[in-house]
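Asker: Before I ask anything, here is the structure I am working with.
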Amino acid sequence: MGSSRDSYSSSLCMEGSLDPKLVKGKIVMCDIGNNPRIAKGAEVKHAGGVGMILANSDSDGEGLVADAHMLPTSAVGAKEGELIRQYIATTKGPTATISGLGTVLGIKPAPVVASFSSRGPNPETPEILKPDVIAPGVNILAGWTGAVGPSSLAIDRRRTQFNILSGTSMACPHVSGVAALLKGAHPQWSPAAVRSALMTTAYTQDNRGHRMIDEASGNASTPFDFGAGHVHPERAMDPGLIYDMDTEDYVRFLCSLNYTSKAIQVITRKPTRCPARRISPGNINYPSFSAVFDLTQPKKLSTVFFRTVTNVGPPLSVYRVRVIHPRGGVTVTVKPRKLVFTEKNQKLSYTVTVTTKHIDLLPGNADTRFCFISWTDGKHVVQSPITITIQEPY
């Protein structure tokens, strides 16, 4: 295994940091960080190396991403990376071999939340849970331009019509494609209805039947990691109930955030006036709930959410609610506990009351709990996540 100059930049395989005398003909270990992953391999190749081991940092966890490297490369997680470093440090003349394993099926657990995936809470409007959903975005086979090589580096003379890509730019087209399918099947649905169908039918368990793992921490993920869950196109086609909204709902939401009528008019392109009685931002008709409590409030902390659902399933439908309660100190109450629909597209409303006890926290700290409510008629399951955040301001 190759070695490099004993410096921080050389451990990261930064441009010009590797000594060709030490690297030539060897496999070099590089740490993730600072410069692009592919650029590290380009530097190893420029210095005469024949391969690279790319190791995650602790913050990256065990999540691995495929790249169009300029030379044979093996990516390893943080734990394996540390074992390899120990091997190099304690072995005289350490050796390594890089070989492909081909396609491996039946990987467990799957899916997992990528270490680089966007996370909540929502810093701008904490009353709205983000993200909404997650979708496939790691190591996706996608079309590629012929204008540049698959690594996007200027020195890469390779050309290909396809590439393996990762990131939001891959998850977004997955969700967009599913949304287009839903709109094609239900042309009368609004964007809010499509989003609702995606969210309330998403799943949160992996192929082991456990809560999806967060690659960054190795722990079970939460709604701050996956929102309502991983999209399920087939279920979304027939969600049973939807949380719909129109232009006025969005206007009332912007009013609740203290936008001026003039500012809102920039969006609506027509004169707009805010109602005298403004709603709470959390009472926009969203398929998820986010309760935020400030410990400067009275000792009994409570908030009420109002929601309206539209029946897009069978005309005669009876839905009953199930609450998966959070851990101690928080109660969630839904009224009514049964919704009886007598026709298609009928709208019915309900309330969710979240109450928590006053707890002791250090200034600037917060405590968050998670739970779910679901409405079911025996066939459809309409699930919504609830986040409860208790914070002590500075």
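Asker: Identify the residue in the range 371-384 that is farther than 18 Å from SER302 by Cβ and among the hydrophobic types (A, V, I, L, M, F, W, C) and, among all such residues, is nearest to the chain's Cα centre (by Cα).
Answerer: So in the range 371-384, the residues farther than 18 Å from SER302 by Cβ come out as 372, 374-384.
Then keep just the ones that are among the hydrophobic types (A, V, I, L, M, F, W, C); that gives 372, 375, 381-382.
Details: PHE372: 17, TRP375: 24, VAL381: 22, VAL382: 20 Å.
Ranking the candidates gives PHE372 first.
Asker: For the subset of the range 364-394 comprising residues that are of a type in the set (Asp, Glu) and surrounded by fewer than 19 Cβ atoms within 10 Å (Cβ to Cβ), which member is modelled with the lowest pLDDT? I'd like the intermediate steps shown before the answer.
Answerer: Within the range 364-394, the subset of a type in the set (Asp, Glu) is 367, 377, 392.
Among the residues that remain, those that are also surrounded by fewer than 19 Cβ atoms within 10 Å (Cβ to Cβ) are: 367, 392.
Values: ASP367: 88, GLU392: 81.
The selected residue is GLU392.
Asker: Turning to a different aspect of this structure: Which one of these does PHE305 not meet: (1) surrounded by 12 or more Cβ atoms within 10 Å (Cβ to Cβ); (2) in contact with an Asp or Glu (Cβ under 9 Å, 6 or more places away or on another chain); (3) under 27 Å from MET245 (Cβ atoms)?
Answerer: In the conditions (1) surrounded by 12 or more Cβ atoms within 10 Å (Cβ to Cβ); (2) in contact with an Asp or Glu (Cβ under 9 Å, 6 or more places away or on another chain); (3) under 27 Å from MET245 (Cβ atoms), PHE305 misses (2) alone.
Asker: Going by the conditions given, is SER117 part of a loop (DSSP other than H, G, I, E, B), within 30 Å of TYR259 (Cβ to Cβ) and either out of contact with any Gly (no Cβ under 6 Å at 6 or more places or on another chain) or without any contact (Cβ under 8 Å) to a residue 60 or more places away in the chain (or both)?
Answerer: It is true that SER117 is part of a loop (DSSP other than H, G, I, E, B), within 30 Å of TYR259 (Cβ to Cβ) and either out of contact with any Gly (no Cβ under 6 Å at 6 or more places or on another chain) or without any contact (Cβ under 8 Å) to a residue 60 or more places away in the chain (or both).
Asker: In the set PRO131, PRO123, which member is exposed (fewer than 15 other Cβ atoms within 10 Å of the Cβ), assigned by TED's automatic domain parsing to the domain that holds ASP225, part of a loop (DSSP other than H, G, I, E, B) and not hydrophobic (A, V, I, L, M, F, W, C)? Reasoning before the result, please.
Answerer: On the way: PRO131 fails: exposed (fewer than 15 other Cβ atoms within 10 Å of the Cβ).
Just one listed residue meets the conditions, PRO123.
Asker: Spot the failing condition for LEU361; the list is (1) outside any strand (DSSP E or B); (2) buried (at least 17 other Cβ atoms within 10 Å of the Cβ), and only one is missed.
Answerer: (2)
Asker: Tell me whether the range 33-55 contains one or more residues that are modelled with pLDDT under 95 and in a strand (DSSP E or B).
Answerer: The answer is yes; a qualifying residue exists.
Residue-by-condition table, conditions (1) more than 23 Å from the chain's Cα centre (by Cα); (2) surrounded by fewer than 15 Cβ atoms within 10 Å (Cβ to Cβ); (3) within 29 Å of PRO173 (Cα to Cα):
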site	(1), (2), (3)
ALA220	no, yes, yes
PHE224	no, no, yes
GLY227	no, no, yes
PRO233	no, no, yes
ALA236	no, no, yes
PRO239	no, no, yes
GLU248	yes, yes, yes
SER261	yes, yes, no
LYS270	yes, yes, no
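Asker: Of the residues that sit in the range 327-358 and are charged (D, E, K, R) and within 30 Å of the chain's Cα centre (by Cα), which one is surrounded by the fewest Cβ atoms within 10 Å (Cβ to Cβ)?
Answerer: Just the residues of the range 327-358 that are charged (D, E, K, R), to begin with: 327, 335, 337-338, 343-344, 347, 357.
After this cut, where a residue has to be within 30 Å of the chain's Cα centre (by Cα) as well, the list is 327, 357.
Details: ARG327: 9, LYS357: 12.
Out of the qualifying residues, it is ARG327.
Asker: Which of the residues that make up the range 79-127 are closer than 25 Å to VAL28 by Cα and touching a strand residue (DSSP E or B) at 6+ places or on another chain (Cβ under 6 Å)?
Answerer: Matches in the range 79-127: GLY81, ALA96, ILE98.
Asker: Which count do you get for residues in the range 369-394 that are under 26 Å from THR310 (Cβ atoms), touching a strand residue (DSSP E or B) at 6+ places or on another chain (Cβ under 8 Å) and either of a type in the set (Lys, Arg) or not in a strand (DSSP E or B) (or both)?
Answerer: Residues in the range 369-394 being under 26 Å from THR310 (Cβ atoms), touching a strand residue (DSSP E or B) at 6+ places or on another chain (Cβ under 8 Å) and either of a type in the set (Lys, Arg) or not in a strand (DSSP E or B) (or both): 2 in total.
Asker: Something else: So which pairs qualify, if the first residue must be in the range 133-147 and among the small types (Gly, Ala, Ser), the second must be exposed (fewer than 12 other Cβ atoms within 10 Å of the Cβ) and in a strand (DSSP E or B), the Cβ gap must be under 9 Å, and the two must be at least 6 apart or on different chains?
Answerer: ALA142/PHE162; GLY143/PHE162
Asker: Considering only the range 151-165, I want to know if a residue exists there that is more than 30 Å from GLU15 (Cβ to Cβ) and not assigned by TED's automatic domain parsing to the domain that holds GLU43.
Answerer: The answer is no, given that none of the residues of the range 151-165 is more than 30 Å from GLU15 (Cβ to Cβ) and not assigned by TED's automatic domain parsing to the domain that holds GLU43.
Asker: Here's something else I'd like to know. Output the residues belonging to the range 171-217 that are small (Gly, Ala, Ser) and either surrounded by 15 or more Cβ atoms within 10 Å (Cβ to Cβ) or more than 27 Å from LEU141 (Cβ to Cβ) (or both). Talk me through it step by step, then tell me what you get.
Answerer: Step one: filter the range 171-217 for residues small (Gly, Ala, Ser), giving 171, 176-177, 179-180, 184-185, 190, 192-193, 196-197, 202, 209, 216-217.
Those that are small (Gly, Ala, Ser) and either surrounded by 15 or more Cβ atoms within 10 Å (Cβ to Cβ) or more than 27 Å from LEU141 (Cβ to Cβ) (or both): ALA171, ALA179, SER190, ALA192, ALA193, SER196, ALA197, ALA202, GLY209, ALA216, SER217.
Asker: Okay, moving on. Just checking, does the range 268-291 include any residue being in a strand (DSSP E or B), hydrophobic (A, V, I, L, M, F, W, C) and outside the structural domain of ALA228 (by TED's automatic domain parsing)?
Answerer: Initially, the range 268-291 is screened for residues in a strand (DSSP E or B), giving 289-291.
Among the residues that remain, those that are also hydrophobic (A, V, I, L, M, F, W, C) are: 289, 291.
Pick out the ones that are also outside the structural domain of ALA228 (by TED's automatic domain parsing) and you get 289, 291.
Scanning the range 268-291, I find at least one residue that is in a strand (DSSP E or B), hydrophobic (A, V, I, L, M, F, W, C) and outside the structural domain of ALA228 (by TED's automatic domain parsing), so the answer is yes.
Asker: Any residue that is among the hydroxyl-bearing types (Ser, Thr, Tyr) and without any contact (Cβ under 8 Å) to a residue 12 or more places away in the chain - is there at least one of those in the range 264-276? It would help to see each step written out before you state the result.
Answerer: Here is the first cut: in the range 264-276, the ones among the hydroxyl-bearing types (Ser, Thr, Tyr) are 268, 272.
Right, trim to without any contact (Cβ under 8 Å) to a residue 12 or more places away in the chain and you get none.
Within the range 264-276 (the criterion being among the hydroxyl-bearing types (Ser, Thr, Tyr) and without any contact (Cβ under 8 Å) to a residue 12 or more places away in the chain), the answer is no, since none of the residues qualifies.
Asker: For the range 40-62, state whether one or more residues are of a type in the set (Asp, Glu), under 19 Å from SER11 (Cα atoms) and in contact with a Cys (Cβ under 8 Å, 6 or more places away or on another chain).
Answerer: Yes, the range 40-62 contains a residue that is of a type in the set (Asp, Glu), under 19 Å from SER11 (Cα atoms) and in contact with a Cys (Cβ under 8 Å, 6 or more places away or on another chain).
The values are calculated or read from the model by the stated rules, or taken from the named source; none is laboratory data. Just so you know, these numbers come straight off a predicted model, no measurement behind them. A quick note on method: Cβ atoms are made from the backbone with ideal geometry, for glycine too, and the neighbour counts reach across all protein chains shown.
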